[in-house]
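Colleague: I have a structure here, written as structure tokens, and I will follow up with some questions on it.
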Amino acid sequence: MVVTQLNLKFCFQGKKLRGFSCELTRSSHGVLPESFFTIMCQVVVPILLSGLGMMMAGLVMNTIQHWPVFVEVKDLLTLVPPLVGLKGNLEMTLASRLSTAANTGQIDDPQEQHRVISSNLALIQLQATVVGLLAAVAALLLGTVSREEVDIAKVELLCASSVLTAFLAAFALGVLMVCIVIGARKLGVNPDNIATPIAASLGDLITLSILALVSSFFYRHKENQYLTPLVCLSFAALTPLWILIAKQSPPIVKILKFGWFPIILAMVISSFGGLILSKTIAKQQYKGMAVFTPVISGVGGNLVAVQTSRISTYLHMWSTPGVLPLQMKKLWPNPCSTFCTSEINSMSARVLLLLVVPGHLIFFYIIYLVEGQSVTNSQTFVVLYLLAGLIQVAILLYLAEVMVRLTWHQAQDPDNHCIPYLTGLGDLLGTGLLALCFFADWLLRSKAELGDISELASGPP
């Protein structure tokens, strides 16, 4: 399919037409091209803002890890990555769906816009309730691996905190995503480039803050044995209402039936990242883990969500489910083709990969200025940290290309099936690689210190 765009410019003097110019743009690839500079300009500001939001979330987590409720209920730390990951499972998926709907003209009609928005918001409230409860169960199961006793009061606190946090965060971020996508559409900006980063910019901070406040509230009122069960039952009672509203939209009905597996599996994947965090955060050699975990996990998930949303929109505009375009026929493309060709999706992958190192350097410098000596600033750690960020994002961008093609080939919507998996993997890869960075830096410093001691011991008496 060849697409042609004609831009006309008229020059008036008073009310008289004095001249005009025209510009013709043709694309043989079925989509009007975006230049490297255009993609960079639209992506860089939201990405930096999202990084600042995730950096703030890291600073918040570094503080709340010492609160009494987090010290006594250790499973709350295991709960952090899957709950924070809900922005990838729910809000970023919502942003991607709405961006696709906006770019394909589905929400231009006011009546259709109201139906699409209400059904999508009801869907994420239902998903937040269910996944919030399952995240608490997963945290409890992973926690019981390392201990035998189970405190029922702590179980109730964990479940109520998880469900209420997921519900409130989903509502706040869902409304924000609706406003951003509609605003971007009216301003002529591609929502794919800005919606998911902005979801990430506030998602971590809002979710962590709500979790800290809600869990502390329940901890202060732990003598009231009816409070936490009543909260869980109240939100469970609202699920029929969300189902009724969500059924207004046929595509949402399909998600209600078949869209649970991706978000639940992504939550389980993120929970293993939470297990790594809870096992390392209190150890001296991993000092600073709490600050950097939201940043490295969030940046990776954020960048891959942008790429996934862009590829999904491309397929929705110029193909039909089950049929891949000619230039995307390979289900398992060569990694070089993901980053090194002239295709529009390859160009955006290069832009996103180029943002990793400068972005992380900016966030690292700001964290060091705020936290000072509480975080390591050794050159070895900085190099390892930047290398880990590059490896994480490169893996995720390649997996995005593969997963979107496989999903589309199976006539499924990548907006609903790919982003949860990829953001969950981003959490796990980010937390795991960050723990390896701290461990490798600690080993190298220990060897250097032992070498200095050996030199002193072997010196002249």
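The values are calculated or read from the model by the stated rules, or taken from the named source; none is laboratory data. Everything numeric in this text was worked out from a predicted model, so none of it was measured. Positions of Cβ are generated from backbone atoms using ideal geometry, with glycine treated the same way; all protein chains shown enter the neighbour counts. To get the accessible areas, we keep the full protein, side chains included, count just its heavy atoms, and leave off ligands, DNA and RNA. Shrake-Rupley method; radii C 1.70, N 1.55, O 1.52, S 1.80 Å.
Colleague: Run the paramagnetic zone check for Trp260: 7 angstrom along Cα to Cβ, then residues of region 109-133 with backbone nitrogen under 14 Å.
Modeller: Residues passing the 14 Å test: 126-133.
Colleague: Still on this structure, please answer the following. Does the chain come out rounded, prolate or oblate, given a ≥ b ≥ c as the square roots of the eigenvalues of its C-alpha gyration tensor, rounded meaning a/c under 1.5 and, failing that, prolate meaning a/b above b/c?
Modeller: oblate
Colleague: For region 156-223, build the convex hull from the C-alpha positions and give me its volume per residue in Å³.
Modeller: Convex hull volume per residue, Cα atoms: 65 Å³.
Colleague: A 27 angstrom limit on the alpha carbon distance is what I want to check against. Which of Lys74/Lys222; Lys154/Lys279; Lys222/Lys247; Lys74/Lys257; Lys74/Lys247 exceed it?
Modeller: Lys222/Lys247; Lys74/Lys257; Lys74/Lys247, as the Cα separations exceed 27 Å there.
Colleague: Angle, helix 379-409 long axis vs. longest principal axis of the chain, Cα atoms, 0 to 90°, nearest 10?
Modeller: 50 degrees
Colleague: Same structure again: Determine the gain in length on full extension of the stretch Ala236-Val402; use 0.36 nm per residue of separation and subtract their C-alpha separation, reporting nm with one decimal.
Modeller: Here the segment from Ala236 to Val402 would lengthen by 56.1 nm.
Colleague: Then there's this: What full-extension length gain, to one decimal in nm, is calculated for Asn334 and Gln410 as 0.36 nm per residue of separation minus the Cα-Cα distance?
Modeller: 25.3 nm is the gain from fully extending Asn334 to Gln410.
Colleague: While we're here: At 1.4 Å probe size, with the rest of the protein present, what percent of the exposed accessible area of the chain is carbon and sulfur atoms?
Modeller: Heavy-atom surface of the chain belonging to carbon and sulfur, 1.4 Å probe: 68 percent.
Colleague: With a 1.4 Å probe and every protein chain left in place, work out the accessible area per residue of the chain in Å², rounded to a whole number.
Modeller: So the chain comes to 45 Å² accessible per residue, rounded to a whole number.
Colleague: Now for a different question. Per DSSP H run of n ≥ 4, the term is -39500 (n - 2.57); total these for the chain, divide by its residue number, and report the mean residue ellipticity at 222 nm rounded to 500 deg cm²/dmol.
Modeller: -25500 deg cm²/dmol, from helical runs alone.
Colleague: Ok, one more. Taking amide H atoms as placed 1.01 Å from N in the peptide plane, list the residues 5 or more away in sequence, or in a different chain, whose amide H sits under 5 Å from that of Gln412.
Modeller: Gly322
Colleague: How high is the relative contact order of the chain, in percent, counting Cα pairs under 8 Å that sit 6 or more residues apart?
Modeller: Normalised by residue count, the contact order of the chain is 24 percent.
Colleague: If you don't mind, there's one more thing I want to ask. What's the angle, to the nearest 10 degrees (0 to 90), between helix 152-187's Cα axis and the longest principal axis of the chain?
Modeller: Between helix and principal axis, roughly 30 degrees.
Colleague: Which angle from 0 to 90°, rounded to the nearest 10, does the C-alpha axis of helix 260-280 make with the longest principal axis of the chain?
Modeller: So the inclination is approximately 40 degrees.
Colleague: Something else about it: Return a whole-number percent for the relative contact order of region 327-461, with Cα pairs under 8 Å and 6 or more residues apart as the contact set.
Modeller: 25 percent
Colleague: Something else about it: HN-Hα J couplings of region 328-340 from phi, Karplus 6.51/-1.76/1.60, θ = phi - 60°, integer Hz, Gly and Pro as x?
Modeller: 10, 5, 6, 6, 10, x, 5, x, 5, 5, 6, 10, 10
Colleague: Still on this model: Between Ser446 and Leu52, what is the FRET efficiency for a Förster distance of 35 Å, r being their Cβ-Cβ separation, to the nearest 0.05?
Modeller: According to the calculation, E is roughly 0.55.
Colleague: Output ³J(HN,Hα) for region 97-110: one whole-Hz value per residue in order, computed from phi by the Karplus curve 6.51 cos²θ - 1.76 cosθ + 1.60 with θ = phi - 60°, and x for Gly and Pro.
Modeller: Here the 3J(HN,Hα) series is 4, 5, 5, 4, 4, 5, 5, 9, x, 6, 10, 6, 7, x Hz.
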